[in-house]
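Reading through the structure tokens given below for one structure.
The values are calculated or read from the model by the stated rules, or taken from the named source; none is laboratory data. Just so it is clear, the model here is predicted, and its values are computed rather than measured. FYI the Cβ positions are ideal-geometry reconstructions off the backbone, even for glycines, and counts take in every protein chain you see.
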């Protein structure tokens with residue numbers, strides 16, 4: 001119903017067919033010179049529909065009248081959501097500056113608090129009408145001011161070429177213009193709530209677009225999700241538009257990840273509005289300021305604070321059920337990938353198990369260090385790497401949304417040894433994610449960060465690094481400290497499947513809540529009060545599978561094979577699979593590079609010392625006897641056990657055992 005109505009208005013306009021215009025037949029009587037005070041003096045109520053960003057006259061008119069209402073709009077077309085939101089931010093901030101409490105007397109503040117001074121902003125850029133409706137409640141005087149003038153000090157100063165048409169006590173004109181004003185207000189405006197103006201600090205939550213439920217719109221009164229019509233057309237070349245298009249802040253960009261759109265129509269229900277606010281805040285953080293992406297947990301009391309607000313660990317069962325179904329659907333999408341998809345889903349569930357428990361790992365590591373134990377069994381750094389389009393970035397984004405309702409990636413430029421210390425303190429336990437990290441930055445900074453085992457912080461976050469397959473080796477010191485998962489499965493981005501899955505993932509992230517994670521945290525914290533786990537992956541995956549199983553049984557759903565408890569031991573057995581596969585392929589396609597010398601096996605890559613060094617960094621140290629130039633010399637027994645194969649006297653693999 002809402003969709004049909006919006007399309008109708010987009011096609012025909014608010015006041016009739018686009019091919020027909022409303023023309024007011026008027027008769028010239030006289031022309032006189034008026035000052036601003038002359039025009040507005042003697043009236044107690046003012047309603048204004050204007051399209052100016054100059055607001056200095058607001059307080060002047062507010063002081064002259066008992067009741068004032070203003071609808072603000074734009075003369076040009078805003079052709080995307082980022083500009084629409086940025087326009088609202090500029091408008092609210094300018095109103096805040098003009099109406100800030102320090103600049104107002106008590107009478108003006110009382111008007112705002114009591115609702116005698118109200119402000120609205122248009123939702124649809126479809127009307128260029130400018131009018132002022134003035135009334136005197138006692139004398140019944142009525143005045144309409146219309147024409148080219150905006151509601152600005154400059155417009156009423158007489159210093160620019162403006163034309164005004166005034167109707168005094170004309171009932172026909174009053175009925176016509178008043179009806180037009182009320183129709184605009186009722187069907188296409190958003191309320192600028194008084195809380196947005198009665199503060200010294202701008203708040204995203206108070207943007208009109210995110211407070212649509214407090215608007216008097218007919219659509220909202222009927223509980224229909226607010227609709228934002230953002231025209232699919234280039235903006236008119238006004239100076240204001242050029243300024244906004246150049247300076248639209250980064251945090252407003254890419255909102256299409258959160259807000260669904262169809263043919264220029266964007267629908268914002270309360271849940272999507274909340275996610276949009278969280279996305280904008282997350283995107284607006286800097287290297288030194290972090291207002292939204294931090295988590296603090298007191299395990300003994302079960303208190304969880306996310307971005308300054310305590311989180312309830314008693315979610316509704318129906319919400320948990322919904323999240324379980326959505327994540328099962330999300331993982332099922334990996335069946336459409338090319339490659340070892342079962343291994344991909346299993347590895348990604350292993351990562352999910354580690355990622356979900358990561359805000360607790362600092363407690364477990366600190367306890368281990370207090371017992372003089374090495375913390376290697378509790379990795380605080382996770383690395384996802386593999387082919388392009390293997391879904392690793394979207395996996396992290398989806399899991400973050402399911403945990404905290406926001407994505408929260410950090411700028412790659414912030415990944416430096418010096419910056420990480422400050423970012424850790426800011427995030428507390430909120431995971432620090434650096435996506436698409438390149439080799440240069442990894443080699444320059446990652447080793448020092450990863451090898452920093454003894455952090456003198458009570459609360460600190462896990463670090464996640466997402467990398468493409470060009471990072472093909474990791475030193476032993478890195479491997480033993482990190483959870484590292486590699487995938488060679490991917491989805492070509494030119495296929496219809498890829499486009500369909502992208503839409504599916506967008507919908508899943510939009511519908512996900514944090515209910516599953518809050519239920520998970522409650523069970524984790526209860527279990528930690530009894531004992532500290534030695535295997536955090538096994539501990540976490542067991543609780544996750546327990547929740548998935550309970551809710552799957554309620555719907556008669558059979559859990560997929562990937563959704564089963566795993567362990568750090570199983571991960572350890574698989575973490576060298578990539579180098580194992582490469583060694584086997586090297587033997588298959590270049591058997592002459594191998595030879596057996598007694599109880600040693602020699603791999604020689606003639607004139608390729610660089611290739612040998614690359615392999616050597618990724619091969620477990622216990623397999624290697626020594627390295628010499630373009631050779632690696634292996635212990636024969638250890639290498640055969642590692643490759644699950646037997647080398648003959650000539651260095652040929654005689655048989656290959658598969659589990």
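Taking helices (runs of 4 or more DSSP H) that fall entirely within region 1-97, which contain at least 1 residues that are at pLDDT below 70?
Values: elements: 2-12, 36-40, 58-64.
Answer list for region 1-97: 2-12.
Picking from 211, 206, which residue would you name as being in the same structural domain as residue 95 (by TED's automatic domain parsing), modelled with pLDDT under 80, within 21 Å of residue 89 (Cα to Cα) and surrounded by 15 or more Cβ atoms within 10 Å (Cβ to Cβ)?
Values: 206 fails: modelled with pLDDT under 80.
Only one candidate qualifies: 211.
Quick check on region 545-559. Is at least one of its residues closer than 30 Å to residue 387 by Cα and modelled with pLDDT under 95? Before you say what the answer is, go through the steps one by one.
Filtering region 545-559 down to residues closer than 30 Å to residue 387 by Cα leaves 545, 548, 559.
The next check asks that each one be modelled with pLDDT under 95; those that pass are 559.
Within region 545-559 (the criterion being closer than 30 Å to residue 387 by Cα and modelled with pLDDT under 95), the answer is yes, since at least one residue qualifies.
Inspect all residues belonging to region 603-616 and state whether any of them is at pLDDT 80 or above, touching a strand residue (DSSP E or B) at 6+ places or on another chain (Cβ under 6 Å) and part of a helix (DSSP H, G or I). Show your work before the answer.
Taking region 603-616 and keeping what is at pLDDT 80 or above, we get 603-605.
Among the residues that remain, those that are also touching a strand residue (DSSP E or B) at 6+ places or on another chain (Cβ under 6 Å) are: 603-604.
Then keep just the ones that are part of a helix (DSSP H, G or I); that gives none.
Among the residues of region 603-616, not one is at pLDDT 80 or above, touching a strand residue (DSSP E or B) at 6+ places or on another chain (Cβ under 6 Å) and part of a helix (DSSP H, G or I), which makes the answer no.
Assuming residue 581 fulfils every condition listed in (1) without any contact (Cβ under 8 Å) to a residue 60 or more places away in the chain; (2) outside any helix (DSSP H, G or I) apart from one, which condition is it?
In the conditions (1) without any contact (Cβ under 8 Å) to a residue 60 or more places away in the chain; (2) outside any helix (DSSP H, G or I), residue 581 misses (2) alone.
Quick one: which residue in 425, 377, 407 is surrounded by fewer than 19 Cβ atoms within 10 Å (Cβ to Cβ), at pLDDT below 90 and either in the same structural domain as residue 346 (by TED's automatic domain parsing) or part of a helix (DSSP H, G or I) (or both)?
Numbers: 425 fails: at pLDDT below 90; 407 fails: surrounded by fewer than 19 Cβ atoms within 10 Å (Cβ to Cβ).
Every option except 377 fails the conditions.
Quick check on my filter: what residues within region 308-333 are farther than 29 Å from residue 502 by Cα and crowded, with 16+ Cβ neighbours inside 10 Å? Let's see the steps before the verdict.
So in region 308-333, the residues farther than 29 Å from residue 502 by Cα come out as 308-314.
Across region 308-333, the qualifying residues are 311, 313.
Is it the case that residue 464 is in the same structural domain as residue 369 (by TED's automatic domain parsing), touching a strand residue (DSSP E or B) at 6+ places or on another chain (Cβ under 6 Å) and touching a residue at least 24 places away in the same chain (Cβ under 8 Å)? It would help to see each step written out before you state the result.
Numbers: in the same structural domain as residue 369 (by TED's automatic domain parsing): yes; touching a strand residue (DSSP E or B) at 6+ places or on another chain (Cβ under 6 Å): yes; touching a residue at least 24 places away in the same chain (Cβ under 8 Å): yes.
Yes, satisfied.
Any residue at all in region 473-483 that's farther than 20 Å from residue 574 by Cβ and touching a residue at least 24 places away in the same chain (Cβ under 8 Å)?
Filtering region 473-483 down to residues farther than 20 Å from residue 574 by Cβ leaves none.
No - not one qualifying residue is present in region 473-483.
Residue 501: under 22 Å from residue 366 (Cβ atoms) and either assigned by TED's automatic domain parsing to the domain that holds residue 371 or part of a helix (DSSP H, G or I) (or both), yes or no? Quick ask: steps written out before the conclusion?
Details: under 22 Å from residue 366 (Cβ atoms): no; either assigned by TED's automatic domain parsing to the domain that holds residue 371 or part of a helix (DSSP H, G or I) (or both): yes.
No, not satisfied.
Among the residues in region 463-482, are any more than 25 Å from the chain's Cα centre (by Cα) and in a strand (DSSP E or B)? Explain how you work it out, then say what you get.
Restricting attention to region 463-482, the residues satisfying the condition of being more than 25 Å from the chain's Cα centre (by Cα) are 469-482.
Next, from what is left, pick out any that are in a strand (DSSP E or B): 482.
Yes - at least one qualifying residue is present in region 463-482.
Go through region 102-140 and count every residue that is modelled with pLDDT under 75, more than 32 Å from the chain's Cα centre (by Cα) and surrounded by 14 or more Cβ atoms within 10 Å (Cβ to Cβ). Steps first, answer last, please.
Of all residues in region 102-140, those modelled with pLDDT under 75 come to 102-109, 123-129.
With the extra rule that they be more than 32 Å from the chain's Cα centre (by Cα), the set shrinks to 102-109, 127-129.
If we keep only those that are surrounded by 14 or more Cβ atoms within 10 Å (Cβ to Cβ) too, we end up with 104, 108-109, 127, 129.
Result for region 102-140: 5.
Restricting the search to region 434-448, which residues are over 24 Å from the mean Cα position of the chain (by Cα) and surrounded by 20 or more Cβ atoms within 10 Å (Cβ to Cβ)?
442, 446 - these are the residues of region 434-448 that are over 24 Å from the mean Cα position of the chain (by Cα) and surrounded by 20 or more Cβ atoms within 10 Å (Cβ to Cβ).
Before we move on, is residue 306 in the same structural domain as residue 429 (by TED's automatic domain parsing), in contact with a strand residue (DSSP E or B) (Cβ under 6 Å, 6 or more places away or on another chain) and either over 20 Å from residue 522 (Cα atoms) or touching a residue at least 60 places away in the same chain (Cβ under 8 Å) (or both)?
Numbers: in the same structural domain as residue 429 (by TED's automatic domain parsing): yes; in contact with a strand residue (DSSP E or B) (Cβ under 6 Å, 6 or more places away or on another chain): yes; either over 20 Å from residue 522 (Cα atoms) or touching a residue at least 60 places away in the same chain (Cβ under 8 Å) (or both): yes.
Yes; evaluated as a whole, the condition is true for this residue.
Residue-wise test of (1) part of a helix (DSSP H, G or I); (2) in the same structural domain as residue 636 (by TED's automatic domain parsing); (3) under 34 Å from the mean Cα position of the chain (by Cα).
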{"position": "525", "(1), (2), (3)": "yes, no, yes"}
{"position": "543", "(1), (2), (3)": "yes, no, yes"}
{"position": "551", "(1), (2), (3)": "yes, no, yes"}
{"position": "562", "(1), (2), (3)": "no, no, yes"}
{"position": "565", "(1), (2), (3)": "no, no, yes"}
{"position": "595", "(1), (2), (3)": "no, yes, no"}
